[in-house]
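Taking it in order: structure first as structure tokens, then the write-up.
Just so you know, all these numbers are worked out from the coordinates, no wet-lab data involved. For clarity, every value in this text was computed on a predicted model and none was experimentally measured. Ideal geometry is used to build each Cβ from the backbone, glycine not excepted, and the neighbour counts take in all protein chains shown.
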Amino acid sequence: MRICRTRKEDAVWQRNFRTLVFYLVLLALWQIFFEMRFFPEYILPSPGMVFRRLRELGGDGILWPSVKATLLRMAIGFGLSALIGLGVGVAMGMLPVANQYLRSVFLGMQTLPSAAWVPISLLIFGLSDRGIYFVIIMSSMAAVAIATADGIANIPPLYLRAAKTLGTPRWAMGYQVILPAALPSVMTGFKLGWTLGWHGAVSAELIKSSIGLGFLLHMGRELNDMSQVLGLMLVTIFFGVLMDRFLFGVMENRIRRRWGLDHE
């Protein structure tokens, strides 16, 4: 058992090391491309210039409050989106009539760019955080609902028959059998919904906010500061990947192990 665990830890370490080397190579290529002077500095700054600008934003007390504001909006907006999407998805999965009429609506919503919800939120909520929550919810809810409905629809009928045979009451089938069996698919919907909601939050902050990552991107554009724009893009990507890897990724791995889907 200890040998297997050590081999697995070594494999994880090697995978992380290769990932680190890959990103270091990307930074080196970026620096080389900068040194070749294909573009002027104000269009393509060097990695050092970008990270120096981020350090200045942090020293001025602007960067971290903006990161916190965006993450807080995501926590509230996506929390509401997950609850609504989960409830609608369960209804779609268990009621064929609901699935027939709602699926096409949610598929259409899922293909709509997140930025398309910003003008609507401006007209309804004006320049307020409620409008940003609206954009997050509308951007991510469809992905959660569709994944939940698909997860319920793909539950093997044998599970339901076995539960009935073992005496599970009909009223308890939803939370004792159906929803747990659909959890892998639900978690996939959460991950996709978080990504789309993250897009929506930053898109809304570009127009509707005076603090947040999107607002700093907007200010970098207004000041013609490419170092700030690229730096904020990297920060946005970093926190998006961080949440996906260490929150949803950990939850997904636990669910996969619980259901015997992890073959490592």
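List of remarks:
- Legend: P(r) of the chain from all alpha carbon pair distances, 10 Å bins from 0, whole percents, reading 7, 23, 26, 24, 15, 5, 1, 0.
- Our helix-only sum for the chain, with -39,500 (n - 2.57) per DSSP H run of n ≥ 4 divided by its residues, gives a mean residue ellipticity at 222 nm of -26000 deg cm²/dmol.
- Spin-label pair L223-R130: with each label point 7 Å from Cα along the Cα-Cβ axis, the two points sit 3.3 nm from one another.
- The chain - percent relative contact order, Cα under 8 Å, separation 6 or more: 23 percent
- Stretch gain in nm, segment M251-L83, where the contour uses 0.36 nm per residue and the Cα spacing is subtracted: 58.8 nm
- Derived scalar couplings between HN and Hα for region 86-100 equal 5, x, 5, x, 4, 4, 5, x, 9, 10, x, 5, 4, 5, 4 Hz in order, rounded to whole Hz, by the Karplus curve 6.51 cos²θ - 1.76 cosθ + 1.60 (θ = phi - 60°), x for Gly and Pro.
- 10 Å Cβ shell holding at most 14 others, DSSP loop, chymotrypsin sites (Phe, Trp or Tyr not before Pro): longest site-free stretch of the chain: 43-258
- L107 paired with E41, simple spin-label distance in nm, labels 7 Å along Cα-to-beta-carbon: 5.3 nm
- Inter-label distance, L242 to V97: 4.8 nm, where each label sits 7 Å from its Cα along the C-beta direction.
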